[in-house]
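Asker: Quick one: structure below, then a few questions.
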Amino acid sequence: MTEHSSKAGVIPIVDLSAANLKGQGRGKLKGREQNPQAQAEVAALLGADPRRRDLLIEYLHRIQDTYGHISAAHIVALGAELKLAMTEVYEVATFYHHFDVVKEGEDRPPRLTVRVCESLSCAMAGAQDLLKALEKLQLTDVRVLPVPCVGRCHAAPVAVLGQNPIDHASVASVAEAVRDGSKVARIEPYTTYRQYRDAGGYQTLQECLTGTRDAESVIKAMEHSGLRGLGGAGFPSGRKWRIVGAEQGPRLMAVNIDEGEPGTFKDRWYLERDPHRFLEGMLIAAKIVDIAEIYIYLRDEYAGCREILSRELAALAADPPGPLPVIHLRRGAGAYICGEESAMMESIEGKRGMPRLRPPYVAQVGLFGRPTLEHNMETLYWVRDILEKGGDWFAGHGRNGRHGLRSFSVSGRVVTPGVHLAPAGITLRELIAEYCGGMLPGHELYGYLPGGASGGILPAAMADIPLDFDTLNPYGCFIGSAAVIVLSDHDKARDAAANMIHFFAEESCGQCTPCRVGTAKAAVLVRAEKWDQALLGDLTEVMADASICGLGQAAPNPIRSVIKYFPQEIE
């Protein structure tokens with residue numbers, strides 16, 4: 001060691017040369033040296049597959065699925081395989097909830113993980129009591145974790161063992177699943193490729209491929225139908241096709257099936273029953289807009305849907321109805337923020353799911369920097385029917401001056417929760433009476449969330465407002481993806497808002513201060529018996545105005561709704 005004098009004093013200079021470190025145990029950078037065993041394991045898992053950055057998350061899943069966790073040695077080995085710095089792999093692996101990164105010296109996680117949904121519909125059905133009871137069981141080599149919405153709100157409360165969902169979960173049913181070790185998702189009967197083709201499926205696609213239906217007539221039919229994006233934003237679908245089609249090729253397509261909004265499960269519902277109706281709509285859109293490659297982004301919680309799509313995409317490729325673009329099925333990793341279109345694209349590219357600043361918009365500069373047609377799964381599900389039956393058929397549905405159909409994911413205090421296809425513009429009161437079998441016995445309507453966690457909360461006195469895009473805006477709410485959670489006189493709106501803001505605080509990506517700090521601060525403030533309305537008002541205004549993306553902008557909606565429509569609960 002030598003010394004260097006300065007005005008600040010004497011600064012020691014450490015000689016880090018290899019010669020000086022020889023025999024001192026300092027020649028290695030802790031945690032970063034290659035482990036031959038980990039190298040061999042990762043190389044075997046990747047096999048002959050390409051070593052590309054955009055496949056990083058897929059490869060992390062392979063490690064997680066095989067070993068039940070991701071060790072530091074595996075991170076180093078994977079970085080070497082992909083020619084990425086260890087920090088690049090580490091920051092991605094630790095961003096997503098479903099990766100268990102084990103640092104040096106830490107114990108691996110237990111052999112089995114039971115995840116219990118704690119979002120609103122499950123909380124109303126007793127999820128907290130279930131969590132406490134399961135923790136008391138002290139199951140061997142099993143951990144129990146509270147998690148955000150798993151997309152099965154109609155079957156609340158829900159637990160998931162590995163990838164196996166347990167509907168209407170109880171201590172007994174979870175314990176039985178643990179004893180059986182049932183970690184694989186169940187798959188119910190669905191319409192297969194062969195069945196779909198035999199029933200006339202893919203004929204409309206073939207008409208588009210052969211030119212029997214030209215691009216202009218197809219786009220006009222879509223515009224005439226009035227179909228808007230059913231992932232929540234509601235942008236007119238036909239117009240989106242025109243915009244992206246006018247951009248310089250090659251053009252890409254990203255299909256968003258990351259429905260993580262608490263209360264939403266319609267995409268999963270349709271995929272589990274009729275996957276090819278969606279796939280045909282997707283391929284029609286790809287043909288009309290001249291898409292080179294398609295990326296389907298599916299949330300990790302939908303393991304059954306992933307198995308179905310893997311099977312059916314293989315069947316489709318083996319006997320195609322015509323030339324097909326390259327189709328990639330990508331797997332999310334437990335991050336609600338990746339439902340935002342640009343965050344989803346970052347994730348597909350193998351990065352953390354951080355929303356991008358706009359402009360530019362993804363239609364111009366999207367996936368891998370190319371013009372990108374981004375669609376929700378259900379939007380594409382309706383394309384075939386609209387083209388075969390005409391735009392007037394879809395637009396002809398509706399009530400109260402509204403047009404079209406809506407797939408309402410209904411959960412909460414109703415007799416028949418589930419996905420209910422109903423006319424756009426139906427009111428909540430009509431939806432409950434005509435489609436949901438009424439309120440549960442002993443329950444009276446108290447309030448409702450018309451658009452999941454983001455859409456705000458309205459009282460029973462406002463249950464006659466038409467449910468559709470734009471109709472709820474004057475009341476500080478919106479329909480979003482039509483996730484309706486029904487509250488009764490057994491519930492409190494303030495508890496619902498607290499549940500939602502806890503969700504947003506957990507799911508904020510942390511990129512921008514208004515959302516990262518605002519959601520965490522709001523989650524503390526709403527636990528007070530009497531709310532500081534002035535402070536919450538200032539906080540929610542900053543969050544709504546200054547957050548980068550829709551998460552932070554919409555997170556204040558439940559709080560604002562309680563202050564406006566349920567003041568008796570917080571004063």
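Asker: Quick one: check the C-alpha center-to-center distance for the range 395-439 versus the range 443-515, whole angstrom.
Answerer: Using only Cα atoms to place each centre, the spacing works out to 16 Å.
Asker: As a test of the formula, what do you get for the chain when each DSSP H run with n ≥ 4 contributes -39,500 (n - 2.57) and the sum is divided by the residue count, at 222 nm and rounded to the nearest 500 deg cm²/dmol?
Answerer: -11500 deg cm²/dmol
Asker: What distance in nm separates the simple spin-label points at ASP167 and SER310, each placed 7 Å from Cα in the Cβ direction?
Answerer: The two pseudo-label positions are separated by 2.3 nm.
Asker: To continue, here is another question. Compute the distribution of all C-alpha to C-alpha distances in the range 452-565, in bins of 5 Å from 0, and list the percent of pairs in each, rounded to whole numbers.
Answerer: 2, 12, 23, 25, 19, 13, 4, 1
Asker: For the chain, can you list the cysteines whose C-beta has no other cysteine C-beta under 4.7 Å from it?
Answerer: Cysteines lacking a close Cβ partner in the chain: CYS149, CYS153, CYS208, CYS305, CYS338, CYS436, CYS477, CYS509, CYS512, CYS515, CYS549.
Asker: Still on this structure, please answer the following. Specify whether the C-alpha gyration tensor of the range 358-511 places it in the rounded, prolate or oblate class, a ≥ b ≥ c being the square roots of the eigenvalues: rounded for a/c under 1.5, otherwise prolate if a/b is larger than b/c and oblate if not.
Answerer: It is oblate, given that a/c is not under 1.5 and a/b is not larger than b/c.
Asker: Taking only complete DSSP H runs, can you tell me which helices of the chain stretch 20 Å or more along their own long axis by Cα positions and average at least 0.5 on the Kyte-Doolittle scale?
Answerer: Flagged H segments are 275-289, 303-318.
Asker: Same structure again: Past the 32 Å Cα-Cα mark, which pairs from LYS132/LYS521; LYS83/LYS240; LYS183/LYS521?
Answerer: The answer is LYS83/LYS240; LYS183/LYS521.
Asker: If I take every Cα pair under 8 Å that is 6 or more residues apart in the range 369-418, average their sequence separation and divide by the length, what percent do I get for the relative contact order?
Answerer: The normalised contact order for the range 369-418 reaches 16 percent.
Asker: Please report the relative contact order for the chain, taking Cα pairs under 8 Å with a sequence separation of at least 6, and give it as a percent rounded to a whole number.
Answerer: 12 percent.
Asker: Order of 492-501, 562-571 by packing, highest average Cβ count within 10 Å first?
Answerer: Ranking, from highest mean packing down: 492-501, 562-571.
Asker: Separate question: Modelling each spin label as a point 7 Å along the Cα-to-Cβ direction, I'd like the GLU506/THR192 distance in nm, to one decimal.
Answerer: In this crude label model, GLU506 to THR192 measures out at 3.9 nm.
Asker: May I ask you to give the average projected area over all directions of the convex hull of the Cα atoms of the range 288-410, in nm² rounded to one decimal?
Answerer: Averaged projected area of the range 288-410's Cα convex hull equals 10.2 nm².
Asker: Here's something else I'd like to know. Let me make sure I get this right: for the range 227-293, a, b and c are the square roots of the gyration tensor eigenvalues over alpha carbons, sorted descending. Under 1.5 in a/c it's rounded, otherwise prolate if a/b > b/c, else oblate. Which is it?
Answerer: In terms of gyration-tensor shape, prolate.
Asker: A further question on this structure: Send over a whole-number figure in Å² for the accessible area per residue of the chain, probe 1.4 Å.
Answerer: It amounts to 42 Å² per residue over the chain.
Asker: Here is a follow-up. Which percent of the accessible heavy-atom area of the range 166-311 goes to carbon and sulfur, probe 1.4 angstrom?
Answerer: Carbon-and-sulfur percentage of accessible area, whole number: 48.
Asker: What shape does the range 40-93 take by its C-alpha gyration tensor, where a ≥ b ≥ c are the square roots of the eigenvalues and a/c under 1.5 counts as rounded, a/b above b/c as prolate, and the rest as oblate?
Answerer: rounded
Asker: Return P(r) of the range 269-326 (all Cα-Cα pairs; 5 Å bins starting at 0; whole %; ordered from short to long distances).
Answerer: 4, 16, 29, 27, 17, 7, 1
Asker: Something else about it: In whole percent, what relative contact order does the range 427-571 give with Cα contacts below 8 Å and a gap of six or more residues?
Answerer: It rounds to 25 percent for the range 427-571.
Asker: To make sure I understand the rule: partners must be aspartates and glutamates, Cα under 16 Å from the Cα of LYS530, and not fewer than 8 residues away in the same chain. Which ones qualify?
Answerer: Those aspartates and glutamates meeting the cut-off are ASP495, GLU569, GLU571.
Asker: List the pair-distance distribution P(r) of the chain, using every Cα-Cα distance, as the percent of pairs falling in each 10 Å bin from 0 up to the bin containing the longest distance, rounded to whole percents.
Answerer: 3, 16, 25, 26, 17, 7, 3, 2, 0
Asker: Enter the Cα centre distance for the pair the range 331-349 and the range 178-223, rounded to the nearest angstrom.
Answerer: Each part's Cα centre sits 24 Å from the other's.
Asker: Further, regarding this structure: Percent of accessible area on the range 407-474 owned by carbon and sulfur, 1.4 Å probe?
Answerer: With neighbouring chains kept in place, the figure for the range 407-474 is 55 percent.
Asker: Divide the volume of the convex hull of the Cα atoms of the range 396-440 by its number of residues and quote the answer in cubic angstrom per residue.
Answerer: Here the figure is 53 Å³ per residue.
The values are calculated or read from the model by the stated rules, or taken from the named source; none is laboratory data. Being a predicted model, the structure only gives us computed values, none of them experimental. Here the Cβ is made from the backbone with ideal geometry for all residues, glycine too, and neighbour counts use every protein chain on show. SASA here: full protein model, heavy atoms, side chains in, ligands and nucleic acids out. Shrake-Rupley method; radii C 1.70, N 1.55, O 1.52, S 1.80 Å.
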